[in-house]
1. Any chance you could count how many residues in region A:480-503 are within 7 Å of chain B (Cβ to nearest Cβ), at pLDDT 80 or above and part of a helix (DSSP H, G or I)?
2. What number of residues within region B:63-80 satisfy the criterion of being more than 14 Å from chain A (Cβ to nearest Cβ), surrounded by 20 or more Cβ atoms within 10 Å (Cβ to Cβ) and in a loop (DSSP other than H, G, I, E, B)?
3. Tell me, please, whether a residue that is on the phi > 0 side of the Ramachandran plot and not small (Gly, Ala, Ser) can be found in region A:192-200.
4. Of the residues B:Ser199, B:Ser206, which is more than 25 Å from the chain's Cα centre (by Cα), more than 14 Å from chain A (Cβ to nearest Cβ) and over 30 Å from B:Tyr53 (Cβ atoms)?
5. Only one of these conditions is not met by B:Tyr252: (1) assigned to a helix (DSSP H, G or I); (2) surrounded by fewer than 19 Cβ atoms within 10 Å (Cβ to Cβ). Which number is it?
6. If we keep just the residues of region B:306-325 that are surrounded by 17 or more Cβ atoms within 10 Å (Cβ to Cβ) and in contact with a strand residue (DSSP E or B) (Cβ under 9 Å, 6 or more places away or on another chain), which is nearest to the other protein chains (Cβ to nearest Cβ)?
7. Which residue pairs have Cβ atoms under 8 Å apart, sit 6 or more places apart or on different chains, and have a first residue in region B:73-89 that is more than 27 Å from B:Phe193 (Cα to Cα) and a second that is among the hydrophobic types (A, V, I, L, M, F, W, C) and surrounded by 24 or more Cβ atoms within 10 Å (Cβ to Cβ)?
8. For A:Val232, only one of the following conditions fails: (1) outside any loop (DSSP other than H, G, I, E, B); (2) over 18 Å from the mean Cα position of the chain (by Cα); (3) under 17 Å from A:Asp279 (Cα atoms). What is its number?
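The values are calculated or read from the model by the stated rules, or taken from the named source; none is laboratory data. Keep in mind that what you see is a predicted model, and the values were worked out from it rather than measured. Ideal geometry is used to build each Cβ from the backbone, glycine not excepted, and the neighbour counts take in all protein chains shown.
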Amino acid sequence: MLFNSYLFIFIFLPLVLILWFSLNKMKLYKIAEIFLIGMSLWFYAYFNFSYLFIIVGSCLFNFLISYFINRIEKKIFVDSTISKLESDSYGKLEIKILGILGIIVNLGILFYYKYFDFFIENINYIFQKDYNLKNILLPLGISFFTFQQLSYVIDRMKRTAPHYGLIEYMSFVTFFPQLIAGPIVLHSELIPQFKDMEKRKFNIDNFTDGCVQAILGLGKKVLIADTLALVVNQAYYNRYYFTTWSAILFILTYIFELYFDFSGYCDIAMGIGKMFNYDIPRNFNYPYKSTSMKDFWNRWHITLNRFFTAYVYIPLGGNKKGTGKKLRNIMIVFLLSGLWHGASWNFVIWGLLNGLAVAFNNINPKPIKNKFISWLCTFSYVLFTFMFFRCETINDVGIVLKGLFNPVGVKFVVDMAQYMDIPELYIFKRALEIIAPGMIRSLYMVAFILVMVICTLLLCGKNAEDIVKERKYTTGKAIGLAIILIWSVISLSGVSTFLYFNF
Amino acid sequence: MINTNKIIFLKKLIVSILIIALSVAGIVFLFDPFFHYHKPIKPLKAVLTQAEYQVIGTLRTFDYDSLIAGSSMAENYNNKWFDEVFDCTTIKAVKPGANTSDLVYLLEAAYEEKNIKNIFYTLDVAALTTTVQEHYVNEGMPLYLYNKNPLDDVKYLFNKHVLFEDIPYMIANSFIGDYDEGESFNWAKYKEFGKLHYSPTEEKQSDKTKNEYEYYVDFNLSKLENLVKSHPETNYIFMVPPYSCLWWYESYMCGTLEQDFYAIEQAFERLLPLENVEIHYFQNMEEIVSDLSLYMDTIHYNEDVNRKLVDLISTNEYRVTFENKDALLENMKILADKYINVYAKKYISNL
């Protein structure tokens, strides 16, 4: 199920909230938790029932790993014949084996569903073989919930996390606001909140803040990102016509779309979390204001970078084993980050480019002092790297790059604007058809520029979380939010042109 | 401590949401451009241009006693032609590319609401030979308009396209220009005839065997037969439209000529015995079939042909009877040969 769907907005969310707080008010805490797990699984399995088995199986497996580690831990505690000195090493090997087994199985599942075909494609290419691809449909959010559970298994292996009950653990992994597209919430952030019974009471303060943030997120996703997607997708389809300006505009529009899409979704997740009185960590912190790539990666997809830092970078030695190893560790992290985003060489190169830039930032003895120039350089580099992110193949990157170095006219820029054929423009379009048919292209151009200006202003202004923190409660704000919500809701359904009659 | 500012703000937010939501839903309900809830409120006109979205609503809410049923071949009839000739009130039950199950679904939906005097049914050969399809439901169709579940009406009541495009379009056509309600779903006025976009099949394919199509023809005709039998109060006037000579050529080249003849023959066999059925067969109208200036592709002709067919139905000139059906089919086979080898080949040789 998607946040931006009628079912979620009109039925699912109100139903979960009402029953969750009602059950908790009746002190039926366990039933409330089971109910929340059930609803989260419905949310997850809405599009494909069979994937329910994957997430439930994955949760049970990781729970069992933790359970067996717990048994070993208990034995240490109960067995009084083991001295303090012995207890530090007692069972260490078994725990390590269990932890490694957990890591292997989690990564194995992820590999099978996400990377198997990519792996086979490369084997076929390198060894000139013809092994069949499995064309496996990627289970929704598998990268997110796998990493979330990996962090728990590693923490259990390191004995820095407690063993949780099955219901607690399932509540944490399946909690629907963060299940499909993150943020990657850690057990230490969410489970203590679940255990806090004070948070089970309806809190109008948090509920209001949550509503505001979720509505703003929905608006970012539906009204802005989805509108920009019309231009980006059509422009990409016609990428062979790119010239310098249209290629730049294409990437610029895409990085706006990407930010408003992903951060909008995260705002909805955080907002819904707040409605439940639970804090979900922020994932974006004005990333396009970064003045270096190192800075950018502290602001973009924060929870993923936090994961890689804690579970890859630091275990590899972090920055404590000399510059060479530090740079190596950075490159490993970013290559893995690239692969995490998708099974394609484009993502690997994207990771590599980001890794190189961050490594450069780490060793550059003379960073640019002028803030504007450093911002411009960073933003331009972000633009360049995201070209690899959007294009589906390396070949397509070449086509866009070719366009980038083809400074012939701006005709395609005007064509690109026309892809933004949104219903809001319909009346103006029809009116112009009657009074000034030649101006219709200008109408699209004006609308496109307007949307891009709005995006820029929004990027320069406060993000949704900070707007919530402002705590300004004016009538205008209430009306504005209501307009954003209803405008987003009416944008969820369309009227398609049936192409049969396309003579 | 409870923050009263926030409570007031939340109340304002909820009230604002409710006011705007009810206003949007109210506007859509009032104008109802897909006629899901009611027929047009005067002085608005029934502006009908999107069959997939509007037909089902019109069948449920409009006043009528007769229907024009069919695929795109039926969309260019003006309802008023039938009203004048047959003294009835007609609307359309059409779907572009409709197969038999689609049309049966629409007609059954109409029977749920009305007593129907006449059904003018365009009998497409392709719809008789097409793959079996039990239900109307198609992927991507706006099913919220078809089912009777009020909950999924949110997709209609809260729909940006409906609000910003369909309602203004309805208003504009009601008050500006001279929109003719009889021309519902007409597409011919936007098309150019006589300039065909056609590339002939170059290699003759092997003829389909009876086993390959018999089941489909039987399935589709059974559906129609059952419908007709269960509504003896309705006159079913079936019309077999005059596709161009190029369609006959393609039928021959694709190896479906025998199949198409079989479908028509079976239609005669199974429908003619039913008392409430008339069949008018127009494929032997040589002067039309051979005149490609009347067509925009291999099958779709202009509105003048539609008008002519209506008049010919009333004169019974092309009506099929038990007595003439065999001779008609025999003659048609000779004529088909002429369509293919004379008219079509001449046209193709000039391409």
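1. 7
2. Final tally of qualifying residues: 3.
3. no
4. B:Ser206
5. (2)
6. The residue in question is B:Leu309.
7. Going by the 8 Å Cβ cut-off, the qualifying pairs are B:Cys88/B:Phe82.
8. Going through (1) outside any loop (DSSP other than H, G, I, E, B); (2) over 18 Å from the mean Cα position of the chain (by Cα); (3) under 17 Å from A:Asp279 (Cα atoms) one by one, A:Val232 breaks only (3).
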